[in-house]
Amino acid sequence: MTEHALHSKAFNQAIEEDLIIGSRCLVCGKISIPQRQICPNCHSDQAERVQASGQGTLAAFTVIYVPPTSMADAGYNAKNPYCVGIVSLEEGPRISAQIVGLDLSDPAAIKIGMPLRQTFVTRGEGETAKKFLAFEPI
Amino acid sequence: MAKKLSRGVAVVGVGMSKFGVFPEKTSRDLFVEAFQELMQSVQKGFNPNDIEAFYMGNFTSDYFENQSHLAPIVANWVGISPAASTRIEDACASGGVALRQAMLAIASGDVDVVLVGGLEKMTDLPGAKVTDALALAADSMFEIPAGFTFPGFYAAMATAYIDKYQADPDALLRVGIKNHENGALNDKAQFNQTIRSVMTGKQKKAEQKGLPIPDWQDEMAFLKDPKANPMIAWPLRLFDCSPVSDGAAAVLLVSEELADKFADEPLFIVGSGQASDGALAERASLSEVPAAALASQQAYEMAGIQPDDIDFAEVHDCFTIAEIMASEDLGFFPRGEGWRAAMEGRTARDGSHPINTSGGLKSKGHPVGASGVGQVVEVWKQMHGLAGERQLRGNLRYALTHNVGGTGQTCVVHIFEKRN
Ligand SMILES: [Zn+2]
């Protein structure tokens, strides 16, 4: 384990490499995604880095018509909304991410519990382009 | 064993500015209005020089007004320097946490007379910047990159709640209608009109302009019309969201033994609780707010009472779904029953559990740092028969306030008693 493998920036750095990472506590076995330096279950600081499978299910979602500046800059607005959700990962933890590949014309048709897999989206262009974690239907 | 304060604490005065949009006023001006009203409300009068400490809830004057270190400035502005002055920042729960810190300071024995303030001046910034400012209350590393907004977080909780309990989404609209009916009777409210009067106002305007008159049958039809009530974050529409507001509120706390020197009818803080939580995604359940349930359990235990003993409550309805979840977190209704209670009018002024008689954040307005303090103003008014047309009937003894920061990363609950 390198010293910075579990620091707070590690999760977002791994996304740059198309990976979802987390940590497994070496004392109690709890998996945390994103990774934690101190286990929220047993407070041990002994942990190893793990990679998530990228498979999960939709636990909650919304379709956003009034975006924050960052998403407006990426081209989203009331006529071009986007879906963001909370995904229950196969490994147990839940994470927040954009959900792509859905028909947003009728949000009522989006089903909680639907299976999803990881994908990665780029927002912004040129120098401001940045990769973000997202999920899509399987 | 239930925890008790080392000594009792009483509320002896309250005040608030009107909540709304005031381009000509700063947060200092708004706090002056709240302070002046507080001075008037102290039944036996008091000398501001007696104030030993000031706890002030404010979310982000840094961002909204380009001003940090606001507590000593505001203290000086109302003439109470050198009172020890501290700004409390816990997002939308800043005001409720300031109240709790003031209460604990008195209970510790260190001080006897403490001013609690809450203030926020939000409307100087354009709407998109306000959305960005509020997003500062979420986790900037793991929640914001997903694209969440605050309406978005609560909307996601709403989808989880509706799915889990097969709830009728109309319950959300019912919360908004009820809170506007209450706020219409509160001259301090930002939107002091009913949804029905908003609707008929729009119909009249169309008629005057010679445009086609929208044929909404009732408030529900109006609220379901996407032109009248646009979707913000599905399933939450504009009228499910509390507004962007300017405003301030103030409460004077004293030690129990001094209460009679200030007030004929002081209110006693008999219960208090506060809890925290991680990011929304981490929680075991997305259809409830665990820190609110914990904070209320602490408060009920301290007070030695049950949820059914509460005569009325001011809850943190930043979004309509938040009021429904709160009505369960606080134990007024079993899990999964809150939406039905809202549909059946059980939280209206004449219901079994009146909630947000002031109009709540939804109608009264939500100047973030002021909201948790403003709730106490309504408790005082109802307990003293000063609530005018929205006055609750019958003998009122216990009231509860519930103030939430973010999506429930901070929750703070207080219980007040009027002893006759
Ligand atoms: Zn552990």
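Computed from the coordinates by the stated procedures, all read-outs in this text should not be read as laboratory data. All values derive from a computational prediction rather than experimental measurement. Here the Cβ positions follow ideal geometry from the backbone for every residue, glycine too, while neighbour counts run over all protein chains shown.
Rg/Rh for region B:185-238 (Cα atoms only, Rh after Kirkwood) is 1.02. Between the residues B:Ser197, B:Ala370, B:Phe153, the greatest Cα displacement towards the positive end of the dipole of chain B, with unit charges on the Cβ of Lys, Arg, Asp and Glu, is found for B:Ser197. Using a ≥ b ≥ c from the Cα gyration tensor of region B:1-55 (square roots of the eigenvalues), is it rounded, prolate or oblate, where a/c under 1.5 gives rounded and otherwise the larger of a/b and b/c decides, a/b for prolate? Prolate. Put the Cα centre of region B:162-220 next to the Cα centre of region B:5-43 and the gap is 30 Å. Cross-linked pairs B:Lys188/B:Lys209; A:Lys79/B:Lys164; B:Lys25/B:Lys178; B:Lys261/B:Lys418; B:Lys204/B:Lys227; B:Lys25/B:Lys188: Cα-Cα separations exceed 21 Å for B:Lys188/B:Lys209; A:Lys79/B:Lys164; B:Lys25/B:Lys178. Annotation: cysteines of the protein assembly as shown without a disulfide-compatible partner (Cβ-Cβ under 4.7 angstrom) are A:Cys83, B:Cys92, B:Cys241, B:Cys318, B:Cys411. Once both labels are positioned 7 Å from their Cα atoms along Cα-to-Cβ, the gap between A:Gln13 and B:Glu344 label points is 5.6 nm. Inter-label distance, B:Val42 to A:Asp73: 4.9 nm, where each label sits 7 Å from its Cα along the C-beta direction. Against the main long axis of the alpha-carbon atoms of chain B, helix B:290-303 sits at an angle near 40°.
Can you give me the Cα centroid spacing of region B:100-121 and region B:227-287 in angstrom? Between the Cα centre of region B:100-121 and that of region B:227-287, the gap is 17 Å. Expressed as a whole percent, the proportion of Cα-Cα pairs in region A:55-137 lying more than 22 Å apart is 25%. Remark: B:Glu417, A:Glu90 ranked as A:Glu90, B:Glu417, counting other beta-carbon atoms within 10 Å and listing the fewest first. Relative to the dominant Cα principal axis of chain B, helix B:94-107 is inclined by about 20°.
Just round it to a whole percent: the fraction of Cα-Cα distances in chain B exceeding 32 Å. It works out to 30 percent of all Cα pairs. From the Cα gyration tensor of region B:314-420, with a ≥ b ≥ c the square roots of its eigenvalues, which class applies: rounded if a/c is under 1.5, or else prolate if a/b is larger than b/c, or else oblate? Note, shape of region B:314-420 comes out oblate. Fraction of C-alpha pairs exceeding 19 angstrom in region B:362-420: 36 percent, rounded to a whole number.
For region A:101-138 and region B:391-420, what is the separation of their Cα centres, given in Å? So the two Cα centres are separated by 41 Å. Count Lys and Arg as plus one, Asp and Glu as minus one, and take only other residues whose Cβ is under 11 Å from that of B:His414; the net charge is then -1.
Shielding value for A:91-101 is 4, the average number of Cβ atoms from other chains within 10 Å of each residue's Cβ.
Placing R0 at 22 angstrom, the Cβ-Cβ distance between A:Asn80 and B:Leu125 gives a FRET efficiency of 0.35 after rounding to 0.05. In the protein assembly as shown, the inverse of the mean reciprocal separation of distinct Cα atoms equals 24.3 Å; this is its Kirkwood hydrodynamic radius.
Here the residues B:Glu120, B:Glu207, ranked from fewest to most Cβ neighbours within 10 Å of their Cβ, fall in the order B:Glu207, B:Glu120. In terms of surrounding Cβ atoms within a 10 Å radius of their Cβ, B:Trp380, B:Trp216 rank from fewest to most as B:Trp216, B:Trp380.
The stretch between B:Met141 and B:Ala284 holds 49.4 nm of extra length on full extension. This uses 0.36 nm per residue minus the Cα-Cα distance. Selection among B:Ser17, A:Pro93, B:Asn186 by position relative to the dipole of the protein assembly as shown gives B:Asn186 as farthest towards the positive end (Cβ unit charges, Cα centre).
Partner shielding of A:27-34 amounts to 1, given as the average count of beta-carbon atoms from other chains within 10 Å of each residue beta-carbon.
Placing one equal scatterer on every Cα of region A:8-51 and applying the Debye formula, the log10 ratio I(q)/I(0) at q = 0.21, 0.23, 0.24 Å⁻¹ is -0.57, -0.66, -0.71. Helical content alone sets the calculated 222 nm signal of the protein assembly as shown at -9000 deg cm²/dmol, taking -39,500 (n - 2.57) per DSSP H segment of four or more residues and averaging over every residue.
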